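A.B. asks: Can you keep this structure in mind? I'll have questions shortly.
FYI, it's all coordinate maths here, none of it is from the lab. Just so we're clear, the structure is a prediction, and the values are computed from it rather than from any experiment. Using ideal geometry, Cβ is built from the backbone for each residue, glycine included, and neighbour counts are taken over all protein chains shown.
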Amino acid sequence: MKKILLLLFFLCTITSAQETNKFDLSLETMDGETENLSDYLHNGPVYISFWALWCEPCKSELKMLQKIYETYKTQGFTVLAINHDTQKSLAKVKAYVKTQQYTLPVFIDPNAQIFEALNGKNIPYSVLFDREGNIVKTRNGYLPGDDKEIEKDIREAIEKDRKKEVVE
């Protein structure tokens, strides 16, 4: 019953978000707590990266994103890493995050509901949101060297957010 209610809540959130072209997703922490995308958007742009333990390009991208997060978090930017492994792998995911000393927020999506809601097809898959919750950019895959383009997109989103803040 709890799963059905959670699914209905999630579908209502997505339906509402699609009507306005903005998303406010419910995110599950590795400890089972719930947070919302909007909790992070009020600070500025958010980059969501879907990853899995079995995906080597995902893990490479995550290391790079940790560095970008550390560089830009004081400017209101956030990276949210959403793990795509199954619920059975949660202990391994927690151990991996701890050994890598990630400070960026890590969430889980074991049933791929958020991944599918954001039109994910394969991983790594990333979505960059502006402060209003609009999707600015999506990326499929990761190769060494992509970090320059990713950082450029992030800097542009931060700059656009700053300009908008000054105007208002």
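A.B. asks: Semi-axes of the equivalent ellipsoid of the range 38-98: what are they in whole Å, largest first, if each equals the square root of 5 times a C-alpha gyration tensor eigenvalue? Can you show the working numbers first?
C.D. replies: Values: eigenvalues 106, 34, 18 Å².
Equivalent ellipsoid semi-axes, largest first: 23, 13, 9 Å.
A.B. asks: Then there is this: Starting from the Cα-Cα distance between Asn43 and Asn119, subtract it from 0.36 nm times their residue separation and give me the gain in nm to one decimal.
C.D. replies: Numbers: separation 76, 0.36 × 76 = 27.36 nm, distance 2.46 nm.
The span from Asn43 to Asn119 would gain 24.9 nm if fully extended.
A.B. asks: Suppose R0 equals 35 Å; then what is the FRET efficiency for Glu132 and Lys88 from their Cβ-Cβ distance, rounded to the nearest 0.05?
C.D. replies: On the way: r = 37 Å, r/R0 = 1.05.
Calculated value: 0.45.
A.B. asks: If you don't mind, there's one more thing I want to ask. Can you work out the FRET efficiency for the pair Glu149 and Thr74, with r the C-beta to C-beta distance and R0 = 30 Å, to the nearest 0.05?
C.D. replies: Working: r = 22 Å, r/R0 = 0.74.
Given R0 = 30 Å and the Cβ-Cβ separation, E is 0.85.
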